[in-house]
Every structure is written in C-alpha cells, then in structure tokens.
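Participant: Before anything else, here's the structure in question.
The values are calculated or read from the model by the stated rules, or taken from the named source; none is laboratory data. This one's a predicted model, so the numbers in the text were calculated from it and none came from an experiment. Positions of Cβ are generated from backbone atoms using ideal geometry, with glycine treated the same way; all protein chains shown enter the neighbour counts. Keep in mind that these areas ignore ligands, DNA and RNA; they rest on the heavy atoms of the full protein, side chains included. Shrake-Rupley method; radii C 1.70, N 1.55, O 1.52, S 1.80 Å.
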Amino acid sequence: KHLKSTKDLAEACNKAFEQLEGTWSVAIMFHDLDQFVLATNNGSLYYITDNENFITFASEGYFLERLKKTNEFASFGSLLEVRQLTSNKGLVVNISEFKISFFENPVNSNSIVVSKVKPLELKKHLLDNEINKREVVIDPAMFINRSKEAHLFCLLENNAQAISKLRRCSKCLLPETFPFIQYDNEGVCNYCNNYVIKDRSKNRKNFINNLESFKSVKGSANCIVPFSGGRDSTYSLHFITKELGLKPLAYTYDWGMVTDLARRNIARVCGKLGIEHVIVSADIWKKRSYIRKNINAWIKNPQLGMIPLFMSGDKAFHYHLFKLQEHTGISLNIWGENYLEKTDFKTGFAGVSPEFNKNLLYSLSVANYLRLFSFLTKSVITNPSYINASIIDNLVSQYSRSFQKKVDYYNFFDFYDWNEDEVIKTISKYQWEYAIDTKSSWRIGDGTSAFYNYIYYTVAGFSEFDTFRSNQIREGQIDRETGLRLIENENEPRYETLRWYLEILNLDFLTVIKAINLIPKLYHI
C-alpha cells in the first residue's frame, strides 16, 4: 500500500512498522520486487554476509557463530563477521545486484525517517490490491464466560466468612493456620518479631560502581535481565535501562506456564525500550505433561507441602541463564526478585522451619534441606505416583537453582526499595495489560499461581497475598486495615485463569476442583 505512494521501500517499511505494537524482527520477500528486507525494533536480529553472494540471518548471534564453524562456511574462515542489526534499523538487499542498503526507523515519532542512502529504484510495482482486514483472536482465556459456565463456576469455594474468624497477628495479617506461627502476649507473631527492615541504600553506591566495569562499547548488550513479564521484572528492566544506563539483553524462559498476557506485556516493554529479547522455550507439551502427572499424583493424597512440585519445572530458568551467559559472553545478570515475596509457608507445610532475615530469597540451611528431603522422600514412598517422567527434570531444575554457582549475580531490589505506586506508574507507561479476572497486578503472567493460591486459600485460609501484604505492613508501606481490605479482593478465586490452566493441562475442571474442595480444612466452616 505505502509503496504505491512513496515508491521507496525503506519509507514504505517505516510507514508499515508504525502500525505495529510490541517487538518485531522481520524478514520480508516479495513476489513482485527484486528486493529483500531485514528489520527489527529491538535488535533481536543478527546476520553474516560476504557482501557479494549471500546473507544469512538469525535471531541470536550465537547461532551464526556456530554456523561459521560448519564445513559449508569453512572456505570463508574468520573473514565472516557476525553483525547485529540494532534496534530500529533495517536493511534492503537488491537481490540481482546483491547491493545492501541500510535504513533507520524512527523511535516514538510520527515523522518518517527516509533512508539515508539514495532511494532504491523499484524493480517491479506491486499489484493493485488491498490488504484484507482480519479480526484476530489473541487470547482464548478472554472468551471463557463464567455466566455461561455457571455449573463450573459455582464449584469454586470462597469461605471468606469462616476465614475472617481466624485469629490473626495483631500487627500483620498472618492467621493461626500459618506454619510455625507463634503469637506473643500482645498477639504479635514471630514473623513480625523477627523481621528486620534493611537499609537498601547502604550498598547502592558500591553496586552502581561495580556496574561501571561491565559497560561496554555503545550498542552491544552488557548485562542479562531475567524477564518474566511481571510487574517487578518490568520495573527493574525499565530502571536498569533508563536510570542505570546499561544495555540489557532480556531473557525469558517459557516452560509452558507463561501466559499469553505475559507474552504481550513482554513484547510491549522490549519493543518500546528497543531491547534485544531471547526467549528460551522448553518442550512445552512435555513440561505440561509433567505438571499433569504430578497433579494427578497429588490428588490421590493431597499434601500442602507437595504443591511446589507443580512449579518445579520453571526452575530450569537458572540452567538456561547459565547457558545464555556462556553463549553471549555476558556474565552480569541483574534480577528483579522482590524481597516482599518471601513465602516461607510453602516449605513450612513440608516441615521446614522459617529462616528469618536470610540473604537469598529461596535459600535454605543444610538442616532445612535435610528436613525438606526427608518430607519429599516420605511423600514419594507413600504415594509412588510421584515416581514419573518428571523426576529427572525436577532434580536438574532444582540443582541449577539451589546449588549451581551464580556468577556476577545481583538482585535489583537488594539496593532499591520496592514502591507499589512507583511500580504501577512505571509499567503503565508501556500500556501494560492486566488480567480480566483480578484487580491485582501481581502474578498475572504466571499460569500456575491462580491454581496453587486457590488451594492454599481454600484449605489453609490464606495465600501468597496474605504474606505479601504482611511484609508491606512490616516495611511500613501500608497499614493493617488496608492490607485486610486488599486481600479480601485478591484472594477471590480466579475462574478464567483456573479454567485456562486446567484446560491446557488436559485436566477435568470438575474433577480437580471437587478434589481440592474435599481436602479437610485447617479452620472451622
């Protein structure tokens, strides 16, 4: 369409690209033009060429470095240089003459930047036809209708009235059903009494100084930022780019439970920031089959301490990060793990006592690792269904997270306070999308959270939201009344996400929810 009016391929591409949202790296061939286009708005595009006969491209430079070592490229030796087509750049190859010309795409501007090289002469004109408009369905979960599925929706329990009668800490929100909880004479729990507010600015200067040694030549990535698409990783990626002046490579591990919503938010953020993004995708069918096997095993003998097994497959995130460091040569990795997300109750239900004020969010002492191992061993012996194809995958994933040495590892929120208002304000700049079944912005990109939080809340009378808001109260960010009001909404069952989760795992909604509802409650109804 735009070629008809501009007669310039670079300008026509720019006009078309203006209509795109999110990240895009494109390779375009034409039936009726003797030209070929490569372009990207986030730099996830690399190429090698001899400038005479061929051009080869890939989404990551590592692939091309490996390709250079094959027999087909042996005659070129080290002469071939892998180059990155950086963000908002494109190239046009005149195929018959093999002439390469570069062009630039404007960033956050309505004005068109025409190719800086001489406008390319079109070999042929496009046929005079208009593009057919199509309506695309982007998220099946949006079309799950709870009113039309009343027979399923009504199965979900919400025992809010009975749960409201539980004794809770007089300072935070933790109820009497919380593992290892104890109250003092004033009704304050041991989690509050052992909580220490850390001065996160104390080591900030050293952190910033350390980053200087990693800053490299302009244009090349100098750090890896694990990016789940959640609100905290979005905020940290924004801050690392805009405020700390680093050039991140965003990394996502899709193990089959990264929701479509999360993928769209990831694309929006990386596209607007012009950041290269690497998605490592697992064998999703296999990963989901592992989850299905473990949920079916769990239903036979439901134990709250075994619920983390449903999420163990995502711990390979760490293994693939190490691989990415090796492939890119980038050692610096900065995470956005929120210190308020500490959830001791998950291992607490497995008999692991709380470790207060530990440095790493997910670390355990040797004694607690032994307690956890003992619990898992007994559970497997009493329920052999856990001995299935997922075991090796789970062990490798847990090893990479807990025991493999981390190199040049930093957590952004070890040096900066988490402020909910500031986080929400920042992510809104990227047209960040919220879920349709909750007002919360937390955990909406994780397909598993609605499921396990439903179990915890239904059986034990609390969920991750209770622990998160309790930590905010201890930090002085919100008062107790505000926390109580927030969890009342946040703990409501998320029907649409639950339906989606069980659907993609090929599990029957009615069977699974009924099994959860039959588990004896830790409180009186």
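Participant: Of Leu510, Leu522, which residue is surrounded by fewer than 22 Cβ atoms within 10 Å (Cβ to Cβ), touching a Leu at 6+ places or on another chain (Cβ under 8 Å) and under 25 Å from Lys300 (Cβ atoms)?
Facilitator: Details: Leu522 fails: touching a Leu at 6+ places or on another chain (Cβ under 8 Å).
Exactly one of Leu510, Leu522 is surrounded by fewer than 22 Cβ atoms within 10 Å (Cβ to Cβ), touching a Leu at 6+ places or on another chain (Cβ under 8 Å) and under 25 Å from Lys300 (Cβ atoms), namely Leu510.
Participant: Limited to region 466-479, what total is found for residues that are open to solvent by 20 Å² or more (accessible area, probe 1.4 Å) and either over 11 Å from Leu174 (Cβ atoms) or at pLDDT below 95 (or both)?
Facilitator: Here the count works out to 5.
Participant: What residue, among those in region 489-507 that are out of contact with any helix residue (DSSP H, G or I) (no Cβ under 7 Å at 6 or more places or on another chain) and either closer than 30 Å to Lys171 by Cα or not in a helix (DSSP H, G or I) (or both), is most open to solvent (accessible area, probe 1.4 Å)?
Facilitator: Glu492
Participant: Sticking with this structure for a sec: Scan Ile295, Ile279 and give me the residue that is without any contact (Cβ under 8 Å) to a residue 40 or more places away in the chain and either open to solvent by 10 Å² or more (accessible area, probe 1.4 Å) or part of a helix (DSSP H, G or I) (or both). Can you show your working first?
Facilitator: Working: Ile295 fails: without any contact (Cβ under 8 Å) to a residue 40 or more places away in the chain.
Residue meeting the stated conditions: Ile279.
Participant: Tell me which of these Glu355 doesn't satisfy, since it passes every other one: (1) of a type outside the set (Lys, Arg); (2) over 30 Å from Ile208 (Cα atoms); (3) without any contact (Cβ under 8 Å) to a residue 24 or more places away in the chain; (4) surrounded by 14 or more Cβ atoms within 10 Å (Cβ to Cβ).
Facilitator: Single failed check for Glu355: (2).
Matching residues to (1) touching a Leu at 6+ places or on another chain (Cβ under 6 Å); (2) within 29 Å of Leu261 (Cα to Cα); (3) open to solvent by 60 Å² or more (accessible area, probe 1.4 Å):
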| residue | (1), (2), (3) |
| --- | --- |
| Phe17 | no, yes, no |
| Leu45 | yes, yes, no |
| Glu60 | no, yes, no |
| Phe63 | no, yes, yes |
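Participant: Moving to a separate point now. Counting just the residues of region 167-185 that are over 19 Å from Leu484 (Cα atoms) and without any contact (Cβ under 8 Å) to a residue 40 or more places away in the chain, which one comes out surrounded by the fewest Cβ atoms within 10 Å (Cβ to Cβ)?
Facilitator: The initial filter retains those residues of region 167-185 that are over 19 Å from Leu484 (Cα atoms), namely 179-180, 182, 184-185.
In the following step, the residues that additionally are without any contact (Cβ under 8 Å) to a residue 40 or more places away in the chain were identified as 182, 184-185.
Working: Gln182: 11, Asp184: 12, Asn185: 5.
The extreme case among them is Asn185.
Participant: Ok, one more. Quick check on region 1-48: of everything there that is of a type in the set (S, T, N, Q) and in a loop (DSSP other than H, G, I, E, B), which residue is nearest to the chain's Cα centre (by Cα)? Write out each step before concluding.
Facilitator: As a first pass, look at region 1-48 and keep what is of a type in the set (S, T, N, Q): 5-6, 14, 19, 23, 25, 35, 40-42, 44.
Restricting the remaining residues to those that are in a loop (DSSP other than H, G, I, E, B) gives 19, 23, 41-42, 44.
Working: Gln19: 26, Thr23: 15, Asn41: 20, Asn42: 18, Ser44: 18 Å.
It comes out as Thr23.
Participant: Follow-up question, since we're still on this one. Can you pull out the helices (runs of 4 or more DSSP H) entirely within region 349-467 that have at least 3 residues that are under 23 Å from Ile295 (Cα atoms) and small (Gly, Ala, Ser)? Explain how you work it out, then say what you get.
Facilitator: Values: elements: 366-382, 391-402, 420-427, 449-460.
Once the helices (runs of 4 or more DSSP H) in region 349-467 are filtered for at least 3 residues that are under 23 Å from Ile295 (Cα atoms) and small (Gly, Ala, Ser), what remains is 449-460.
Participant: Turning to a different aspect of this structure: Could you list, in sequence order, the residues of region 331-341 that are surrounded by fewer than 21 Cβ atoms within 10 Å (Cβ to Cβ) and part of a loop (DSSP other than H, G, I, E, B)?
Facilitator: Ser331, Glu337
Participant: Also, I was wondering about something else. Scan (1) within 21 Å of the chain's Cα centre (by Cα); (2) under 26 Å from Asp232 (Cβ atoms) for the single condition Asn368 breaks and write down its number.
Facilitator: (1)
Participant: I would also like to ask the following. Of all residues in region 371-390, how many are within 24 Å of Trp285 (Cβ to Cβ) and surrounded by fewer than 14 Cβ atoms within 10 Å (Cβ to Cβ)? I'd like the intermediate steps shown before the answer.
Facilitator: Taking region 371-390 first, the residues within 24 Å of Trp285 (Cβ to Cβ) are 385-390.
In the following step, the residues that additionally are surrounded by fewer than 14 Cβ atoms within 10 Å (Cβ to Cβ) were identified as 387, 389.
Of the residues in that region, 2 qualify.
Participant: Taking region 43-72 on its own, how many of its residues are free of Cβ contacts under 8 Å to residues at least 24 places away in the same chain and in contact with a strand residue (DSSP E or B) (Cβ under 8 Å, 6 or more places away or on another chain)?
Facilitator: The number of residues fulfilling the criteria is 6.
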